[in-house]
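A short write-up of the structure that comes next.
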Amino acid sequence: SVSRLLYLLQQETSSTELRTECAVVLGSLAMGTENNVKSLLDCHIIPALLQGLLSPDLKLIEACLRCLRTIFISPVTSEDLLYTDATVISHLMALLSRSQYTQEYICQIFSHCCKGPDHQTILFNHGAVQNIARLLVSTSYKVRMQALKCFSVLAFENPQVSMTLVNVSVDGELLPQIFVKMLQRDKPIEMQLTSAKCLTSMCRAGAIRTDDSCIILKTLPCLVRMCSKERLLEERVEGAETLAYLIETDVELQRIASITDHLIVMLADYFKYPSSVSAITDIKRLDHDLKHAHELRQAAFKLYASLGANDEDIRKKIIETENMMDRIVNGLSEPGIKVRLAAVRCLHSLSRSVQQLRTSFQDHAVWKPLMKVLQNAPNEILVVASSTLCNLLLEFSPSKEPILESGAIELLCSLTQSENLALRVNGIWALMNMAFQAEQKIKSDILRGLSTEQLFQLLSDSDVNVLMKTLGLLRNLLSTRPHIDHIMSTHGKQIMQAVTLILEGEHNIEVKEQTLCILANIADGTTAKELIMTNDDILQKIKYYMSHSNAKLQLAAMFCISNLIWNEEEGSQERQDKLRDMGIVDILHKLSQSSDPNLCDK
């Protein structure tokens, strides 16, 4: 029974041989099912094994470490159990020098239990980098490999670790050079992939430049090789995901990757699993293919999204790859959330292309599945899907009409009330795009859908991005004369209140300029003008901004004035007289002597 074994293991009176045998048997039990591991954890096996590590006997230490390793790599074990007592990590670091077995097992424990920045920091602060670096030149392949895995998890999305790694050397050789050697084609695939991951993390953290030859000539080609048909499915998944991360923000790397080994066509093969029924003679193989099929699709979508993030020609190539748009559209309705998210990301990346919005996106009615994705999806999908919708609502996009008819206004108005900042920004941004050069009915629908309360809510949002997009929406709503007059006749009072609110608030130049431009639009209306002319407070504000220290604001204020005084418009004389009495002409005289040619002309 387990409790008997644990009792013997912990008894000081047991001989070392007996304690070692107990640890070995427990290690064998841990190799069984997940339920085995669960029952061992329930019996508090971890503290018992950690206590065994305090013995001076190396064989006992190794047996306890082997068992701990087996338990920690099980999905049912919480990583946090390693960190409950701070002395455990320092003791493990000290045991690294005892034997190749202790090195292999401890590195394996660390790489499995290092999940996220908190764990990375604890290990880093306990000297993990210096202690593990020397193991990269061990005579044992297993030790080298486990040490390498440690570095790949320690450096992942961690600038502090990455910046440290660049300057660490072992036997006079810097770590990046050691990693590059481990990338070579004659090394085992697992080693090539893991060292490529280390170099990728260091590059993304800014520790290695993106134009460094170790990235362009070594890491990138190695990762592209991992995507080829010759590789195992799991290697192809990892290769594509790592490559997607490496090139995600660098247009030059995207261009190089897109022309390496026909990568774009090679990725199309990721969608062909499981292979056709006739070719399957092996049931195990089918099971394996099915398990990896969605991971392959997810990886391909991610890599296509990174490849197409900036370059128009690459996007065109991706879309021209066999059935690509159909694959993305199918991806949008997959049951697995990860594949759906990756498909939406891919679509978002391609939707940055004006050309594609007008052609492929239209031919495949992409907006339909996209609107479906937006119905009660989790936030991470909503953020990317609503960003994509913003692009589909730009004025040159033919999808704009059908999207409107499918209830988009209501959906977007509800996004503007989200707790999530990115969703509020996207909701208001999409409405702003929708209102650009739109017909009056759409504009009225937007105002009705948003409600005045919500509009004020957005104008007092703590995020400047939300504020700017809301002002952009107002500016788009208040364009073309009949629309301006119509909207100001129904919402004039509230809009003038909003404008006053912003001009009196503590806001940056861009916000004030945008607000003055809205006023200039209102001043351009036929009847709307009166709302400014009868509001002395607003007139004084326009006068104040004409003499402001910032030329942008002065220009915007002068636009308001010029729209109020056109000679050919009815009532212009009275308006001119009123502005003259306010001292506007004197300011204009002063501005005509300005050193700024724009101000001077205006």
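The values are calculated or read from the model by the stated rules, or taken from the named source; none is laboratory data. As the structure is a prediction and not an experimental result, all values here were calculated from the model. Note that we place each Cβ from the backbone using ideal geometry, even for glycine, and neighbour counts take in every protein chain shown. In case anyone asks, the SASA skips ligands and DNA or RNA and just uses the protein heavy atoms, side chains included. Shrake-Rupley method; radii C 1.70, N 1.55, O 1.52, S 1.80 Å.
Quick check on my filter: what residues within region 69-81 are closer than 13 Å to MET31 by Cβ and among the aliphatic types (A, V, I, L, M)? ILE71, ILE73 - these are the residues of region 69-81 that are closer than 13 Å to MET31 by Cβ and among the aliphatic types (A, V, I, L, M).
Test of understanding: among ILE428, ILE409, which residue is closer than 24 Å to ILE487 by Cα, in contact with an Asp or Glu (Cβ under 6 Å, 6 or more places away or on another chain), open to solvent by less than 40 Å² (accessible area, probe 1.4 Å) and not aromatic (Phe, Trp, Tyr)? Result: ILE409 is the single residue among ILE428, ILE409 that is closer than 24 Å to ILE487 by Cα, in contact with an Asp or Glu (Cβ under 6 Å, 6 or more places away or on another chain), open to solvent by less than 40 Å² (accessible area, probe 1.4 Å) and not aromatic (Phe, Trp, Tyr). The condition (being farther than 27 Å from VAL425 by Cβ and open to solvent by 60 Å² or more (accessible area, probe 1.4 Å)) is satisfied by just one residue among LYS368, LYS372, LYS338, LYS317: LYS317.
Can we say ARG185 is open to solvent by 10 Å² or more (accessible area, probe 1.4 Å) and either assigned to a helix (DSSP H, G or I) or within 20 Å of GLU248 (Cα to Cα) (or both)? When the stated conditions are applied, ARG185 does not pass them. What's the number of the condition GLU334 fails, among (1) part of a helix (DSSP H, G or I); (2) in contact (Cβ under 8 Å) with a residue 40 or more places away in the chain? Against the list (1) part of a helix (DSSP H, G or I); (2) in contact (Cβ under 8 Å) with a residue 40 or more places away in the chain, GLU334 comes up short only on (1). Tell me the residue from THR526, THR515, THR500 that is among the hydroxyl-bearing types (Ser, Thr, Tyr) and closer than 16 Å to ILE565 by Cβ, please. Exactly one of THR526, THR515, THR500 is among the hydroxyl-bearing types (Ser, Thr, Tyr) and closer than 16 Å to ILE565 by Cβ, namely THR526. Reported count of residues in region 79-88, each being buried (at least 20 other Cβ atoms within 10 Å of the Cβ) and among the β-branched types (Val, Ile, Thr), is 0. Whether a residue is β-branched (Val, Ile, Thr) and either in a loop (DSSP other than H, G, I, E, B) or touching a strand residue (DSSP E or B) at 6+ places or on another chain (Cβ under 9 Å) (or both) was assessed, and THR139 passes this test. Taking every residue in region 292-321 that is in a helix (DSSP H, G or I) and pairing it with any residue that is among the basic types (Lys, Arg) and surrounded by fewer than 22 Cβ atoms within 10 Å (Cβ to Cβ), at least 6 positions away or on another chain, the pairs with Cβ-Cβ distances below 8 Å are HIS294/LYS338; ARG297/ARG327; GLN298/LYS338; ILE314/ARG255; ARG315/ARG352. If the condition is being part of a helix (DSSP H, G or I) and either of a type in the set (Lys, Arg) or surrounded by fewer than 21 Cβ atoms within 10 Å (Cβ to Cβ) (or both), then region 562-572 contributes SER562, ASN563, SER572. Where helices (runs of 4 or more DSSP H) fall entirely within region 463-542, those with at least 2 residues that are of a type in the set (S, T, N, Q) and touching a residue at least 24 places away in the same chain (Cβ under 8 Å) are at 464-477, 481-504, 509-523.
Being modelled with pLDDT of 90 or more, out of contact with any Ser or Thr (no Cβ under 9 Å at 6 or more places or on another chain) and open to solvent by less than 10 Å² (accessible area, probe 1.4 Å) is true of ILE446. Reported count of residues in region 254-263, each being in a helix (DSSP H, G or I) and either open to solvent by 90 Å² or more (accessible area, probe 1.4 Å) or under 11 Å from VAL224 (Cβ atoms) (or both), is 5. Within region 432-441, being touching a residue at least 40 places away in the same chain (Cβ under 8 Å), over 9 Å from LYS469 (Cα atoms) and not small (Gly, Ala, Ser) holds for ASN433, MET434, PHE436, GLN437, GLN440. Just give me the residues in region 341-357 being open to solvent by 40 Å² or more (accessible area, probe 1.4 Å) and polar (S, T, N, Q), in sequence order. If the condition is that a residue be open to solvent by 40 Å² or more (accessible area, probe 1.4 Å) and polar (S, T, N, Q), then GLN355 is the only one that fits. Take ILE337 and decide whether it is modelled with pLDDT under 95 and closer than 21 Å to ASP363 by Cβ. No. For region 386-398, the criterion of being out of contact with any Lys or Arg (no Cβ under 8 Å at 6 or more places or on another chain), over 17 Å from ALA300 (Cα atoms), open to solvent by less than 10 Å² (accessible area, probe 1.4 Å) and of a type in the set (S, T, N, Q) is satisfied by at least one residue. Restricting attention to region 113-132 and to residues that are under 12 Å from ASP80 (Cα atoms) and in a helix (DSSP H, G or I), the residue that is least open to solvent (accessible area, probe 1.4 Å) turns out to be CYS113. In region 424-456, the residue that is farthest from the chain's Cα centre (by Cα) out of those that are polar (S, T, N, Q) and in a helix (DSSP H, G or I) is GLN440.
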